[in-house]
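Here's the structure we're looking at; comments come further down.
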Amino acid sequence: MSLSLKNVSKQYKNQKAVDNISFELKSGEIVGFLGPNGAGKSTTMKIITCFIPPTNGTISVCGLDVSNDHLMVKKKVGYLPENNPLYYDMYVREFLDFVASLHKVKNKKDRVNEMIELVGLQKEEHKKIGTLSKGYKQRVGLAQAMIHNPDVLILDEPTTGLDPNQIVEIRDLIKNFGKNKTVLLSTHIMQEVESMCDRVIIINEGKIVADDSVEAIKKGNNKANLEDIFKKLTQ
């Protein structure tokens, strides 16, 4: 398994943000990670990406234990957080070159060129990140998450701020990336889940309330649309 969580919990004083969750993701699988605000999605993603430690449980990425091999795990994981952290005073190309250097990417110049083309930043590459629109900033965030060709890609609201045409382009990019990789993405857009994801995990109040293919979840709920099912499971 590319990603495995077993009995993972995260406690903040009296609040249990994540409550004994377990799931596994295979290579070549794109999984939607859904839940209302405060359900535990972002906390789980931060645990997987080594930003915060779990209170209990074990997490492995490509066979590496997150608690003991966090530096190696970070080499295997690409991460786009919900609040896209960028250096606004750096130019787009300069920033991506910097990120590629941190990851010790081989053929760095070629890889930066490839990512700029993949996410559609050709016209913006010589601009400062701080001057870009929200949509283009999101593209820069996606480029930095994928520049080291990670085995596991964690995306928290990846199409936030994009216009309809950009959303289609980024969805296609994620789908192509996910053919040979593992992608876990959080979104509130049910259409996005249905168009991209092989499987859906729904979390509510820190607990997993559904984990199955989109079609199986619909079939088990009398073929209702995914948005209605989501509302029912998270009320």
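The values are calculated or read from the model by the stated rules, or taken from the named source; none is laboratory data. Note that the structure is predicted; figures quoted are calculated from it, not measured. Note: ideal-geometry Cβ built from the backbone for every residue, glycine included; neighbour counts use all protein chains shown.
The table below gives the values:
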| read-out | value |
| --- | --- |
| Segment 90-109 - residue that is in a loop (DSSP other than H, G, I, E, B), on the phi < 0 side of the Ramachandran plot and of a type outside the set (A, V, I, L, M) and, of those, farthest from the chain's Cα centre (by Cα) | LYS106 |
| Residues of segment 44-95 that turn out to be of a type in the set (D, E, K, R) and within 23 Å of ILE202 (Cβ to Cβ), as a count | 2 |
| Search result, residues across segment 114-163 that are under 13 Å from the mean Cα position of the chain (by Cα), in contact (Cβ under 8 Å) with a residue 60 or more places away in the chain and part of a loop (DSSP other than H, G, I, E, B) | PRO150, ASP151, GLU157, PRO158, THR160 |
| Hey, LEU71 surrounded by fewer than 19 Cβ atoms within 10 Å (Cβ to Cβ) and outside any loop (DSSP other than H, G, I, E, B) or not | yes |
| Sole residue being surrounded by 15 or more Cβ atoms within 10 Å (Cβ to Cβ), modelled with pLDDT under 90 and either at negative phi or of a type outside the set (A, V, I, L, M, F, W, C) (or both), chosen from LEU118, LEU34 | LEU118 |
| Near pairs, Cβ below 7 angstrom, 6+ apart or cross-chain, from segment 12-36 (among the charged types (D, E, K, R)) to any residue that is outside any strand (DSSP E or B) | LYS16/GLY206; ASP19/GLY206; GLU24/MET1; LYS26/MET1; LYS26/SER2; GLU29/ASP198 |
| Residue that is farther than 27 Å from VAL61 by Cβ, in contact with a Lys or Arg (Cβ under 7 Å, 6 or more places away or on another chain) and surrounded by fewer than 14 Cβ atoms within 10 Å (Cβ to Cβ), where the choices are ASP163, ASP89 | ASP89 |
